[in-house]
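To keep things clear, I will list the structure first and then write my remarks on it.
Bear in mind that the values in this text are calculations on the coordinates, not laboratory data. Predicted model only: the values in this text are computed from it and were never measured. We place every Cβ from the backbone using ideal geometry, glycine too, and count neighbours over all the protein chains shown.
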Amino acid sequence: MGGSESAAFSLQDVRNWNAALKEKRPKMVALFVGGTSGIGEHAAKRLASAIKLPTIYIIGRSQTARNAVIEDLDRINANGSYMFKHCDISDLGSVDTLCKEIAAQEAAVDLLFLTAGALGFGKQDTKAGIDLNHMLRYYSRMRFVHNLIPLLENSEDARVVSVFGAGKEGPIEEDNLDLKKKFSFSASNSYPATMTSVLFEVLAAKHPTISFIHEFPGFVATPLLKHALGSVTGSIMSLFMKPMMMTGSESGEWSVFLSTSSSFPSKGRSASKENFSRKESRIARSSTGRVGDGVYLLNYNGKDVTKQSLMEQLRVAGFPLIVEKHTLETYRVILS
């Protein structure tokens, strides 16, 4: 499968790759932000089964889920090291404190897997004055990225995966990036998706040893609808949508593949330097339009979903630097 392709991978491709990971990559340090339930939990469990000696951090708020997830990971692979870190992810100060703890414990991080967020239908301000979901889906996730870049750069093959809305980007307004001026359900989804994709292009260029993936996960059977709509309504909606949903277990398989596959290399990691054969390595096209350029906007199955025309319009309008400057300034204001 040499060369580059934007077509989807098959589930068999995924299973073949994941089955060989114990030999190809026996050790790995991974952080799952929002890993106490849903997509993050299933990804962590699948990674624990795929890696011989994994070190996995689960980051979240639920103390109840903590014990269950850690016990499951231990049962899946007793040779791994598993830690739960309590954090109110909507509080950037708490994010900073936690990242310092991680830095004191680990010399390098290989995978930062971000899934924090909920299904929100209305505006709910945090103490910073930013909508809770906008904070979770964008600002707090990117704060983890910024804080952990030194540890990611210490890895031989580092990757950041943000699971949210690749392919769902849209036009954004410079004076409304924090959604304080004008908020809508549509904007609360398209703005963090667009800002993530734009900022990932900036970060991939600045940090060429790190690969950045923004993923749309498809429809996965998780507790998300129950949490958002309540037990009864959420259960009815979940039942109605079940034929369209993949299982959490299958979602975990795809997540491990996207988190480790050599098809999505960092900008500075050329195919000739890969530890895998060209036959195994189908190098993907990046959002920039170039092959293997370090930033990938993907469907859950690895298919490129970049809106090339929109992304080019955003670049021409200067949004990569605008979004980066806005993000750093927002951090400065909140944390001061």
*asked:* Over all directions, the average projected area of the alpha-carbon convex hull for the chain comes to how many nm²?
replied: 16.0 nm²
*Where Rh is the Kirkwood radius over the Cα pairs of segment 111-185, the temperature 4 °C and the viscosity 1.567 mPa s, what D in µm²/s does Stokes-Einstein return?*
93 µm²/s
*Within straight cross-link reach of LYS303, meaning Cα distance under 12 Å, which aspartates and glutamates are found once same-chain residues fewer than 8 apart are removed?*
GLU5, GLU215
*Dipole size in debye (nearest 20) for the chain around its Cα centre, Lys and Arg Cβ +1, Asp and Glu Cβ -1?*
340 debye
*Out of segment 61-123, which chymotrypsin sites (Phe, Trp or Tyr not before Pro) are coil in DSSP terms and have no more than 15 other C-beta atoms within 10 Å?*
PHE121
*Just need the relative contact order of segment 4-335 here, percent rounded to a whole number, with Cα pairs under 8 Å and 6+ apart.*
20 percent
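For a 25 Å ceiling on Cα separation, which of these pairs sit above it: LYS27/LYS100; LYS27/LYS267; LYS45/LYS267?
Working: LYS27/LYS100 22 Å; LYS27/LYS267 23 Å; LYS45/LYS267 29 Å.
Among LYS27/LYS100; LYS27/LYS267; LYS45/LYS267, the Cα-Cα distance tops 25 Å for LYS45/LYS267.
Which value in deg cm²/dmol, rounded to the nearest 500, describes the helix-derived mean residue ellipticity at 222 nm for the chain, given -39,500 (n - 2.57) per DSSP H run of n ≥ 4 and division by the residue count?
Numbers: 12 runs with 146 residues, N = 336.
Estimated from H runs of four or more residues: -13500 deg cm²/dmol.
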*For MET28, distant residues with modelled amide H under 5 Å away*: LEU53, THR55
*What order do you get for 90-102, 13-25 when each peptide is scored by the mean count of other beta carbon atoms within 10 Å, highest first?*
90-102, 13-25
*With the chain treated as a Gaussian network of Cα nodes joined by springs under 10 Å, which of LYS303, LYS182, LYS85 yields the largest mean-square fluctuation?*
LYS182
